[in-house]
Amino acid sequence: KLVSEYGFQWTDPTKPILNDKGAQELSFNVYSSKNASAKDYNDMKIMKDLYESTNVFVNWENVSESIYSQQKNLIFGNKDQRPDAIYHAGMGAGEILKYAKRKVLVPISDYLDYMPNFKKLLEERPDIKAQIVNVEDGKIYSLPRIEEMGLLQNPNILFLNRAWTQAAIDAGALTGVTADDLKDGLALKYDQMEALLTYWRDNDMNGNGKADDERPLSFVYNNWQGNQCDLYGMFGINDNLEHRIIVDGKVTYTVQDPRFKEATNFIADWVTKGLIDKASFDQSQDVFLANGKGTEKYGAFYWWESETVVSNPENYITCAPLIGPDGSQTVCISNNPEVGAGEVVIFSECQNVEVLLAYFDRYYDPVISAQINYGPIGIVYEEERDEKGMLVQKPVPEGLTTDELRLQNAPLGIIYLGEYAWNNVVNMEPRAKLRLDRLTAYVTPYMPANVKQCLTMPFTSDELNVIANLET
């Protein structure tokens, strides 16, 4: 019936998935959390464009991220009021195992023939398939987000206020560094950094008549980027938020390293002395970014780019990792995965699963992925492509930041942007290119060859229960 009456087809990505009758008589309800800055997905241009190209009507029910976290268990527990799918589901491996056993979720891998893009991806990338397969029955119950840029394993770059540092040199508070040294790549020893932070703490560096609004060193504690972990590099530890890393081929828990205690006490001393902004430990990412705008407050901070944090990024230089008491100089190696499993799940009550999955399969086309991730052609991307036929970002409208433009117009979620896409389909946004250049120059050279990420590993239900007890 889907084929004969509703014109259902899934093999030609240039043609609609349904005919006009199908567009009128079939629809899907998809529940999704969204960023507070984003438009309602029903009003987003990319979603309207997808409807015009597929004839698949999706009614989006958007809620805030906090409401979703509150309602998540209720949705899964009440089969009479479930939507057809959840987008931005944020499903962990244990949750997927639990609900797959209860037959709450559709085994998506049973429908791969209707998903040519996703099926090809899994065939070409068995490493990705291994990260999303349910280890207990070998099936796939969620759609992943895949964005491979080589950024996520290094989430921190240290930025330093050049003018404030020059003032400390002129006052004799910082020795061993000259004005000529104040350029990208500067490497400071731990005691030089301490002297610098102390000078900033005690002086009205921004000249606003207040000596207590300067923030010598700031970050966002336990944030996925711009966090505290690189400070542990002064003691030779490649730490991350999970304190779990692979060293010489062995999974290592960094908290068990004697140097971890030494580093923690050292960092705590900087906090007690007011050298590290105490707000770093309870501020949100949004508050951290807001505090960087307007009057200069930050002497030094960790983030991916100064351009996002402060109003005058030209006044900040990019530093190499700090050098510790024993000469150690290394960086955090995060376990942030470039494959985000559990992004979309389909409920077993969903009618016409084949159609919804054929629709979601279009998201894995690189041109669509770029628009889902950054915003649509005509708003974020130019209508005309460059000489290589690749998408090019438009200038950001005056009065908006790149983040604001993106969040307003891009739903994010399930995409596949990998090496092929970056070389043939879409130009990286300038910000991402800048990050890669800085990481290549000032961060990755300080990554030991024998230290690797400890990515998410597949576990059975019993193993997950053991782990949960141990972590508690």
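In this structure, the residue pairs whose Cα-Cα separation is over 20 Å, taken from LYS189/LYS273; LYS79/LYS119; LYS1/LYS21, are LYS79/LYS119.
Placing a label point 7 Å from the Cα of GLU419 along the Cα-to-Cβ direction, the residues of region 108-146 whose backbone N falls under 19 Å from that point are 120-131, 146.
Over region 321-472, what percent of the accessible surface lies on carbon and sulfur atoms, probe 1.4 Å?
Numbers: 3510 of 6820 Å².
Looking at region 321-472 in its full context, I get 52 percent from C and S.
The phi-based Karplus calculation (6.51 cos²θ - 1.76 cosθ + 1.60; θ = phi - 60°) puts the 3J(HN,Hα) values of region 247-262 at 10, 6, x, 10, 5, 10, 9, 5, 4, 7, 6, x, 5, 5, 5, 4 Hz, whole numbers, x for Gly and Pro. Ranked by the mean number of other Cβ atoms within 10 Å of their residues, highest first, the peptides 297-306, 313-322 fall in the order 297-306, 313-322. Near GLU296, no amide H atom lies under 5 Å from its own; only residues 5 or more places off or on other chains count, and H is placed 1.01 Å from N.
Annotation: lysines with alpha-carbon distance below 24 angstrom to LYS452 (same-chain offsets under eight excluded): LYS129, LYS250, LYS261, LYS433.
Of the residues LEU217, TRP200, VAL339, the one whose Cα sits farthest towards the positive end of the charge dipole of the chain is VAL339 (charges of +1 on Lys and Arg Cβ, -1 on Asp and Glu Cβ, taken about the Cα centre). Here the simple spin-label model places points 7 Å from the Cα toward Cβ, and for LYS293 and ASP43 these points are separated by 2.0 nm.
How much length is gained if the chain between GLU5 and TYR221 is pulled fully straight, taking 0.36 nm per residue apart and subtracting their Cα-Cα distance, in nm to one decimal? Can you show the working numbers first?
Values: separation 216, 0.36 × 216 = 77.76 nm, distance 5.59 nm.
72.2 nm is the gain from fully extending GLU5 to TYR221.
Want the number for THR460 to ALA179: 0.36 nm per residue separation, take away the alpha-carbon distance, what's left?
Numbers: separation 281, 0.36 × 281 = 101.16 nm, distance 5.76 nm.
Roughly 95.4 nm would be gained on extension.
Cβ neighbours within 10 Å, averaged per peptide: list 133-140, 54-61, 191-198, 458-465 in order, most packed at the top. Intermediate results must be reported in sequence, preceding the final value.
On the way: 133-140: 15.6, 54-61: 18.6, 191-198: 20.1, 458-465: 14.1.
Descending mean neighbour count gives 191-198, 54-61, 133-140, 458-465.
A simple rule links phi to the HN-Hα coupling: the Karplus curve 6.51 cos²θ - 1.76 cosθ + 1.60 with θ = phi - 60°, which for region 86-98 gives 10, 9, 6, 5, x, 8, x, 4, x, 5, 5, 4, 4 Hz, with x for Gly and Pro. Kindly identify region 1-137 as rounded, prolate or oblate by the Cα gyration tensor criterion: order the square roots of the eigenvalues as a ≥ b ≥ c, call it rounded if a/c is under 1.5, otherwise compare a/b with b/c, prolate if a/b is larger, else oblate. It is oblate, given that a/c is not under 1.5 and a/b is not larger than b/c.
Normalised by 2.2 N^0.38 Å, with N the number of residues, the alpha-carbon radius of gyration of region 222-327 equals 1.17.
How big, in percent, is the set of alpha carbon pairs in region 179-244 lying more than 18 Å apart? Tail fraction, whole percent: 56. Beta bridges assigned by DSSP with both partners in region 1-146 are antiparallel in approximately 10 percent of cases. Just one of [x] 44, 26, 20; [y] 69, 24, 23; [z] 40, 34, 21 is semi-axes √(5λ) of the Cα gyration tensor in Å as worked out from the coordinates here. Which one is it? Identified label for the calculated read-out: [x]. Only Lys, Arg, Asp and Glu carry charge here, each on its Cβ (+1 for the first two, -1 for the last two); on that basis the chain has a dipole of about 680 debye about its Cα centre.
Do you know the relative contact order of region 53-157, to the nearest whole percent, from alpha carbon pairs under 8 angstrom that are 6+ apart?
Details: 42 pairs, mean separation 22.4, N = 105.
Relative contact order here is 21 percent.
Which of the three applies to region 141-256, rounded, prolate or oblate, going by the alpha-carbon gyration tensor with a ≥ b ≥ c and a/c under 1.5 meaning rounded? Judged from the Cα gyration tensor, region 141-256 comes out prolate (a/c at least 1.5, a/b above b/c). Annotation: amide H-H contacts under 5 Å for LYS189 (H modelled 1.01 Å from N, sequence separation of 5 or more, or interchain): ILE323. Directionally averaged projected area (region 323-472, Cα convex hull): 15.4 nm². Which of the residue pairs LYS72/LYS103; LYS183/LYS210; LYS45/LYS293 have a Cα-Cα distance greater than 20 Å in the structure shown? Among LYS72/LYS103; LYS183/LYS210; LYS45/LYS293, the Cα-Cα distance tops 20 Å for LYS183/LYS210; LYS45/LYS293. When the Cα centres of region 17-40 and region 410-472 are compared, how far apart do they sit, in Å? Their Cα centres are 29 Å away from one another. Among VAL451, SER27, VAL392, which residue has its Cα positioned farthest towards the positive end of the charge dipole of the chain, with +1 placed on the Cβ of Lys and Arg, -1 on the Cβ of Asp and Glu, and the dipole taken about the Cα centre? Going by the Cα projections, it comes out as SER27.
Taking every DSSP beta bridge that has both residues in the chain, what percent is antiparallel when rounded to the nearest 5?
Details: 23 of 44 bridges.
The antiparallel fraction comes to roughly 50 percent.
With θ taken as phi - 60° and the Karplus curve 6.51 cos²θ - 1.76 cosθ + 1.60 applied, the whole-hertz 3J(HN,Hα) list for region 142-147 is 8, 9, x, 9, 10, 9 Hz, x standing for glycine and proline. Positive end of the dipole of the chain (Cβ unit charges, origin at the Cα centre): among ILE169, TRP10, VAL271, the Cα lying farthest that way belongs to TRP10.
From most to least packed by mean Cβ count within 10 Å, the peptides 221-230, 352-361, 380-389 give 352-361, 221-230, 380-389. With all protein chains kept in place, the per residue accessible area of region 118-197 amounts to 42 square angstrom at a probe of 1.4 angstrom.
Amide H to amide H, with H built 1.01 Å from N, TYR316 comes under 5 Å of ARG162, counting only residues 5 or more places away or on other chains. When you restrict to C-alpha pairs under 8 Å that are six or more residues apart and normalise by the size of the chain, the relative contact order lands at 23 percent.
Would region 141-182 count as rounded, prolate or oblate if I go by the C-alpha gyration tensor, calling it rounded below 1.5 in a/c and otherwise prolate when a/b exceeds b/c, oblate otherwise?
Cα axes put region 141-182 in the prolate bin.
Region 327-403 and region 122-170 have their alpha-carbon centroids 14 Å apart.
The values are calculated or read from the model by the stated rules, or taken from the named source; none is laboratory data. Just so we're clear, the structure is a prediction, and the values are computed from it rather than from any experiment. Using ideal geometry, Cβ is built from the backbone for each residue, glycine included, and neighbour counts are taken over all protein chains shown. Heads up: the accessible areas ignore ligands, DNA and RNA and are worked out on the full protein's heavy atoms, side chains in. Shrake-Rupley method; radii C 1.70, N 1.55, O 1.52, S 1.80 Å.
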